[in-house]
Amino acid sequence: MPLNRSSPPPRLKILILSTPVGALGSGLGGGVELTIANLARELRSRGHTIAIIAPLGSQLGDLPTIQVPGELQLTAQTQEQAASISMPGDPVLANMWATARAIQHDYDLIFNTAFDWLPFYLTPFFDRPIAHFVSMGSQIAAIDLAIERVAVDFPGTIGVCTRTQAATFSFGDRCHIVGGSGVDPAVYDYCDTPEQTLAWLGRISPEKALQDAVAAAERTGMKLKIMGKIQDPDYWAQIQCDYPHAPIEYLGFLPTHQLQQALRTCKGLLMTPRWVEAFGNVAIESFACGVPVIAYRRGGPAEIITDGKTGFLVEPDSIDGLVSAIARLDEIDRAQCRHAAETVFSQSVWGTVMESWFYRLVD
Ligand code: HBI
């Protein structure tokens, strides 16, 4: 029955399932934490009903959360490409999905953010459509296979952030590109009078190559403010040992309000991904503060940054490239960065992309 133009779009009841690698708010879930929080807020502002199933200890403000006990899942990016499917003894992932199965009929749609074999394997066993948000590029062959099966059997249900990320999968052409998140400009304070400092945001883990940003800070003598969860303490210790004199300051894993207060006065954000970053939520948060982004021309950031306008894209893994881009930061009009966050990368624009995807799957 065609949607009658005069009737308002239907209100959906959406069940969001978290990543199982950490409690929401712990920082272990990386960009997915922002994806879930911003999506939930945006959908609610549009009149939809949402609930979030997440590991015990998750903090999501006033968002309705169903907390589930169990052991956290091993992160996919630390496993070998040929790794077998693994789950701990009492897997929070399985417990979350058992909860979802029990309550699925109270909802119109399930939104999955776990990058794990189980949710894709379980898809045919559910009575409700499942929109899968694939948060990384290809990591483990067995998970790729499970995703591909769903992409073939349930066309249109695999969402990815960017074209580059889609291209890491053999079935990339079957993926629907939806971006990684959207920012609410009201949450970020624009600053057009920066200090001589740089920023680096993200999980402190080898695939993010923080050491490159530290090397660039040492070369330029500009202080580097580092914010994010120390996911790999040995890696962090090694960086401090390798760069004892670098002008760095670790500010911790900060909630958005404090994060943007520290970020907004910086001259630029450095993104140094060694892997194909699926999106790069930190880039659009930086834009919202008016802070240009310098990133390796690799993965999501290469599709987010307009070279010379909202930042610079440099030769991947080149410290020299970072250093020369840092010297050019004054060329960027910070208002252009803020404008990008208020338009292309805003929560409301992204919310419409996600809502249209969900309407298509519910129909
Ligand atoms: N690993 N196994 C697994 N499952 C996830 O959902 C997952 C992950 N690693 C990282 C991750 N999710 C998020 O940090 C993404 O934003 C990258």
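The values are calculated or read from the model by the stated rules, or taken from the named source; none is laboratory data. Please read these numbers as outputs of a predicted model, since none were measured by experiment. Cβ: placed from backbone, ideal geometry, glycine included. Neighbour counts: every protein chain shown.
General remarks:
- Options LYS225, LYS229: the member that is in contact with a Cys (Cβ under 7 Å, 6 or more places away or on another chain), among the basic types (Lys, Arg) and touching a residue at least 40 places away in the same chain (Cβ under 8 Å): LYS225
- Single match in LEU313, LEU269 (criterion: part of a strand (DSSP E or B) and touching a residue at least 40 places away in the same chain (Cβ under 8 Å)): LEU269
- Considering the conditions (1) out of contact with any helix residue (DSSP H, G or I) (no Cβ under 8 Å at 6 or more places or on another chain); (2) modelled with pLDDT under 95; (3) closer than 22 Å to VAL134 by Cβ; (4) not acidic (Asp, Glu), SER86 is excluded by exactly one of them, (2).
- Qualifying residue in segment 195-214 (condition: more than 30 Å from MET227 (Cα to Cα) and modelled with pLDDT of 95 or more): no
- In the set GLN231, GLN165, only one residue is in the same structural domain as ILE36 (by TED's automatic domain parsing), of a type in the set (S, T, N, Q) and touching a Gly at 6+ places or on another chain (Cβ under 9 Å); that residue is GLN165.
Matching residues to (1) outside any helix (DSSP H, G or I); (2) at pLDDT below 95; (3) surrounded by 15 or more Cβ atoms within 10 Å (Cβ to Cβ):
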position: PRO2; (1), (2), (3): yes, yes, no
position: ARG11; (1), (2), (3): yes, no, no
position: THR19; (1), (2), (3): yes, no, yes
position: LEU39; (1), (2), (3): no, no, yes
position: ALA54; (1), (2), (3): yes, no, yes
position: GLN67; (1), (2), (3): yes, no, yes
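- Screening segment 148-170 for residues that are under 21 Å from VAL362 (Cβ atoms) and within 15 Å of the ligand (Cβ to nearest atom) and picking the one that is surrounded by the most Cβ atoms within 10 Å (Cβ to Cβ) gives VAL160.
- Selection status of SER286, of a type in the set (Ser, Thr, Tyr), surrounded by fewer than 21 Cβ atoms within 10 Å (Cβ to Cβ), in a helix (DSSP H, G or I) and modelled with pLDDT of 95 or more: no
- Of all residues assigned to segment 236-254, at least one qualifies as being in contact with a helix residue (DSSP H, G or I) (Cβ under 6 Å, 6 or more places away or on another chain) and either more than 15 Å from ALA216 (Cα to Cα) or at pLDDT below 95 (or both).
- Filter result for THR113 (within 13 Å of the ligand (Cβ to nearest atom), surrounded by 15 or more Cβ atoms within 10 Å (Cβ to Cβ) and among the hydroxyl-bearing types (Ser, Thr, Tyr)): yes
- Residue selected from segment 184-210 under the condition in contact with a strand residue (DSSP E or B) (Cβ under 7 Å, 6 or more places away or on another chain) and away from the ligand (no atom under 16 Å from the Cβ), by the criterion nearest to ALA37 (Cα to Cα): PRO185
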